[in-house]
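This report refers to the structure that appears directly beneath it.
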Amino acid sequence: MLTRSFKLLALSPLALLVAAGPAVASLIDTTEPPSSGVASSPGQHFLDDVDTGISLLPVEDGRVWLHISVKDRTLSVVRGRHVIHEIPHFAIGINGAVNLRTRGSAMTPKGEFRVERINPNSQYATFIGINYPNPRVADQALSEGLITEEEAERIRRYYQQHRLSYPNTTLGGHIGIHGLGNRDPFLNQRVDWTEGCLAVENDQVRLLHSLVEIDTPVLIQ
């Protein structure tokens, strides 16, 4: 069971709290250039001993990544195995979170992603986009009958060419972490309102922008 504490393995069994939140596809106004791929590192991950029920990102020491817990509504910025910053709350999609979201569902996707684009001039302060849907998501959605082989191949081909997600399929897209713009922070603490993104306060997303970059790994669970 994940708790709100985060300690080194040497001290106690690990626990990490995290959160995930949504954004509205029609509200995202970001376009960033393609980026290089994420180099995964082999070996045991420091969370391998925690029973999370999902596969975990292999993250090397010193690499910054995001661990987001929808259940606990906590977004942790982690360097290797040390939490260096934490956002205590975020809003998600109106209809909650799910492993495979579809276009128009207003749900936040869960799984393993990476930052694929950053727009510091979004109408929602800053938009940090993640690669949903990516080829792994496409394969899973195809196996579950959510998309056609043609759609799956379109996602794979676009990702291979541009290192960006292709949003114009049944799975939708334009998912990421963004600020509130002119929305009320008080309401953001109490109501889920996005179409699938994670919404945090404007100053929080700007600080987050200073800590992440293109290809930063993101785990949403």
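The values are calculated or read from the model by the stated rules, or taken from the named source; none is laboratory data. Remember, predicted model here, so these are calculated numbers, not experimental data. Because the Cβ atoms are built from the backbone with ideal geometry, glycine has one as well, and the counts that use them run over all protein chains shown. Accessible surface is based on the protein model in full, side chains and every heavy atom, while ligands, DNA and RNA are left aside. Shrake-Rupley method; radii C 1.70, N 1.55, O 1.52, S 1.80 Å.
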Convex hull around the C-alpha positions of the range 70-133: the volume in Å³ per residue is 125
With all protein chains in place and a 1.4 Å probe, residue 184 shows an accessible area in Å² (nearest 10) of 70
Over the range 105-181, with neighbouring protein chains present, the accessible area per residue in Å² at probe 1.4 Å is 37
Quick calc of log₁₀ I(q)/I(0), the range 138-221, Debye, one scatterer on every Cα, no solvent, q values 0.20, 0.21, 0.25 1/Å, result -1.01, -1.05, -1.20
Carbon plus sulfur, as percent of the 1.4 Å-probe accessible area of the range 115-221, comes to 46
In nm, the gap between the two label points placed 7 Å beyond Cα toward Cβ at residue 183 and residue 170 is 2.8
Share (percent) of C-alpha pair distances in the range 99-174 greater than 19 Å works out to 33
With every protein chain kept in place and a 1.4 Å probe, the residues 193, 65 fall, from largest accessible area down, as 193, 65
By the C-alpha gyration tensor axes a ≥ b ≥ c (rounded if a/c is under 1.5, else prolate when a/b exceeds b/c, else oblate), the shape of the range 171-210 is oblate
